[in-house]
Amino acid sequence: MHPQHHSFRTLEKPSEGLFKDKGSKFLAFAYPVKTEEDIKTHLGALRKKYFDARHHCYAWMLGADKSRFRAVDDGEPNHSAGDPILGQIRSANITNVLVVVVRYFGGVKLGVGGLINAYRAAAADALSRASIVVEEVRHEMDLMYDYTFSPEVMRLVKDFELNILDQDFSERGFMKVTVRLAVKDKLIERIKLLQAMKMEIDFKEYQ
């Protein structure tokens, strides 16, 4: 079991950085991302815009537990580009982030040490300009209830600061909500207490 992470640090918005060495230019782009689809979209857009660049090296990390990550050298010597970028993501202690470094070759080879330094420095420059936000991990839940108990349900929404994603009012009340992981167990305890008091309020959890 992974420990449960109640919050994580990520980027508030995209940021950019730059590093130059011996005529080579390293343009760095950092993006907040939520999915691998987001990552593909950003990479595609950069490849279009900087189509004439020699390399598009990148690293990304996803998940509050930082369990999913990848480093890509895109034609540079093994571990000379993607890993140094990933290292900067790790040392900034952020996740749900993609950092791409686009290299324009300046005619002089930098050697592996020079490349490692350049990719690290470009990534660090972009991340040093980024504003970092702390996001709460939220879980999705469905609430089903008899209309008689709407006031109790609305109190749950208020007390536990639930985000309502969707509502449906047919023969019973239905509400899709997200709850902060930090208070999810307390919410379930409260619902079970209401059920014990014969209130028709039920829930379904999503992982």
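The values are calculated or read from the model by the stated rules, or taken from the named source; none is laboratory data. This one's a predicted model, so the numbers in the text were calculated from it and none came from an experiment. Cβ atoms come from the backbone with ideal geometry, glycine included; neighbour counts cover every protein chain shown.
Quick notes on this structure:
- Lone unmet requirement of (1) out of contact with any helix residue (DSSP H, G or I) (no Cβ under 7 Å at 6 or more places or on another chain); (2) surrounded by 22 or more Cβ atoms within 10 Å (Cβ to Cβ); (3) of a type outside the set (A, V, I, L, M) for PRO84: (1)
- For segment 93-124, the candidate set comprises residues that are of a type in the set (D, E, K, R) and crowded, with 20+ Cβ neighbours inside 10 Å; within that set, the residue that is farthest from THR41 (Cα to Cα) is ARG120.
- ASP83 of a type in the set (D, E, K, R), assigned to a helix (DSSP H, G or I) and in contact (Cβ under 8 Å) with a residue 60 or more places away in the chain: no
- Residues that are of a type in the set (Ser, Thr, Tyr) and out of contact with any His (no Cβ under 8 Å at 6 or more places or on another chain) were ranked within segment 61-99; the one that is farthest from HIS6 (Cα to Cα) is SER80.
- Between ALA64, ALA121, ALA71, the distinction of being touching a helix residue (DSSP H, G or I) at 6+ places or on another chain (Cβ under 7 Å), among the aliphatic types (A, V, I, L, M) and in the same structural domain as ARG47 (by TED's automatic domain parsing) belongs to ALA71 only.
- Only a single criterion out of (1) under 24 Å from GLU12 (Cβ atoms); (2) without any contact (Cβ under 8 Å) to a residue 60 or more places away in the chain; (3) in contact with a Gly (Cβ under 9 Å, 6 or more places away or on another chain) is not satisfied by ASN163, namely (3).
- Looking only at segment 126-146, and only at residues there that are in contact with an Asp or Glu (Cβ under 9 Å, 6 or more places away or on another chain) and not aliphatic (A, V, I, L, M), the one that is surrounded by the fewest Cβ atoms within 10 Å (Cβ to Cβ): SER131
- Within the set SER15, SER7, SER67, the sole residue that is closer than 26 Å to VAL133 by Cβ, in contact with an Asp or Glu (Cβ under 6 Å, 6 or more places away or on another chain) and of a type in the set (Ser, Thr, Tyr) turns out to be SER7.
- A Cβ distance below 7 Å, combined with a sequence gap of six or more or placement on separate chains, defines the contacts here; from segment 27-42, residues that are touching a residue at least 40 places away in the same chain (Cβ under 8 Å) reach residues that are surrounded by 13 or more Cβ atoms within 10 Å (Cβ to Cβ) and among the charged types (D, E, K, R) in the pairs ALA28/GLU16; ALA28/ASP125; PHE29/GLU16.
- Members of segment 152-207 that are outside any helix (DSSP H, G or I), more than 30 Å from the chain's Cα centre (by Cα) and loosely packed, with under 12 Cβ neighbours inside 10 Å: PHE169, SER170, GLU171, MET197, LYS198
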